[in-house]
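So the structure is just underneath, and the comments pick up after that.
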Amino acid sequence: MLNKPYSQACENNKKPIARVLHKYLKGPADLLEIGSGTGQHAYYFSEIFPEIIWHSSDQAKHLSGIIQWTDATTKPNFKPPFLLDVLDPPVLNQSFEYVFSANTAHIMSWEAVIATFQLVAQCLHMQGLYFLYGPFNYAGTFTSQSNARFDAWLRQQAPHQAIRDFEAVQALATQQGLSLIQDHTMPANNRLLVWKK
């Protein structure tokens, strides 16, 4: 039996994120997670939101790990992951009431962040919600010294990685017809941004 992929950050943030999602998620409904990563979020949230059908997705290298989490649950609302590269997205055969993505914007290239907002606008129902979790800068300024150190570490790993400016992602959202309805302060200097189409 393979050990399922595990992220301590996912373990730390899943309950604070869930407390916010409880304010918004109403079922029955379909939710697309862009960049499911280890699969921990999808596993946990599908357990506590049984009326939400959680569609996991990611790049090819992460799919086998997510499938291990899918196999570990008896919940039918946690769907096996499908291949999703935002720069070359598949044709989606359905739309979604909700889209969720966590800790992706600072890992992706800026080109991929732009493509993500375009994809969200295409696949989200009218009045649907897009949730984006992670660290953000405001007015070009880090919100903490730890975020500044994290940004430096990201850029060392790959030059396309960086903590994004809130104003820049908000501009992308506006261009795609998404209206910001809430900017939630989260633990460890993160935010949970919520837009409505």
Problem set entry | Scope region 54-72; condition free of Cβ contacts under 8 Å to residues at least 60 places away in the same chain and either in a loop (DSSP other than H, G, I, E, B) or touching a Cys at 6+ places or on another chain (Cβ under 8 Å) (or both); matching residues | Gln59
For this session: State all residues of region 98-107 that are crowded, with 21+ Cβ neighbours inside 10 Å and farther than 21 Å from Ile53 by Cβ; if no residue qualifies, say none.
Result: Ala105
Problem set entry | Identity of the residue in region 125-151, at positive phi and among the small types (Gly, Ala, Ser), that ends up surrounded by the most Cβ atoms within 10 Å (Cβ to Cβ) | Gly134
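Consider region 15-38. How many of its residues are of a type outside the set (S, T, N, Q) and crowded, with 18+ Cβ neighbours inside 10 Å?
Taking region 15-38 as the starting set, the residues that turn out to be of a type outside the set (S, T, N, Q) are 15-35, 37.
Still in the list and also crowded, with 18+ Cβ neighbours inside 10 Å: 17, 21, 25, 30-35, 37.
Within region 15-38, residues that are of a type outside the set (S, T, N, Q) and crowded, with 18+ Cβ neighbours inside 10 Å number 10.
Kindly indicate whether Phe131 is part of a helix (DSSP H, G or I), aromatic (Phe, Trp, Tyr) and either in contact with a Leu (Cβ under 8 Å, 6 or more places away or on another chain) or modelled with pLDDT of 95 or more (or both). Full working, then the answer.
Working: part of a helix (DSSP H, G or I): no; aromatic (Phe, Trp, Tyr): yes; either in contact with a Leu (Cβ under 8 Å, 6 or more places away or on another chain) or modelled with pLDDT of 95 or more (or both): yes.
In short, no.
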For this session: Kindly indicate whether any position in region 5-19 is more than 17 Å from the chain's Cα centre (by Cα) and more than 20 Å from Asn103 (Cα to Cα).
Result: no
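Restricting to region 139-174, count the residues that are in a strand (DSSP E or B) and over 18 Å from the mean Cα position of the chain (by Cα).
The first filter runs over region 139-174 and keeps only residues in a strand (DSSP E or B), leaving 141, 164-165.
Okay, now just the ones that are also over 18 Å from the mean Cα position of the chain (by Cα), so 141.
The total comes to 1.
Quick check: anything in region 175-182 assigned to a helix (DSSP H, G or I), surrounded by 13 or more Cβ atoms within 10 Å (Cβ to Cβ), hydrophobic (A, V, I, L, M, F, W, C) and in contact (Cβ under 8 Å) with a residue 12 or more places away in the chain?
no
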Seminar exercise, completed: Scanning region 152-174 for residues that are without any contact (Cβ under 8 Å) to a residue 40 or more places away in the chain, surrounded by 14 or more Cβ atoms within 10 Å (Cβ to Cβ) and under 16 Å from Asn190 (Cβ atoms) gives Asp165, Phe166
Seminar exercise, completed: Pairs returned, first residue in region 1-26 that is without any contact (Cβ under 8 Å) to a residue 24 or more places away in the chain and among the charged types (D, E, K, R), second residue that is surrounded by fewer than 16 Cβ atoms within 10 Å (Cβ to Cβ) and in a loop (DSSP other than H, G, I, E, B), beta-carbon separation under 6 angstrom, 6 or more apart or interchain, are none
Exercise. Restricting the first residue to region 107-124 and requiring it to be among the acidic types (Asp, Glu), which pairs with a second residue that is surrounded by fewer than 19 Cβ atoms within 10 Å (Cβ to Cβ) meet a Cβ separation below 8 Å and a spacing of at least six or different chains?
Worked result: Glu111/Leu87
Problem set entry | Filtered residues of region 108-128 (kept if within 15 Å of the chain's Cα centre (by Cα) and in a helix (DSSP H, G or I)) | Ala112, Val113, Ile114, Ala115, Thr116, Phe117, Gln118, Leu119, Val120, Ala121, Cys123
Problem set entry | Residue in region 73-89 that is surrounded by fewer than 19 Cβ atoms within 10 Å (Cβ to Cβ) and in a helix (DSSP H, G or I) present | no
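The values are calculated or read from the model by the stated rules, or taken from the named source; none is laboratory data. The structure presented is a predicted model; accordingly, all values stated were derived computationally and were not measured. All Cβ positions, glycine included, derive from the backbone under ideal geometry; neighbour counts span all protein chains shown.
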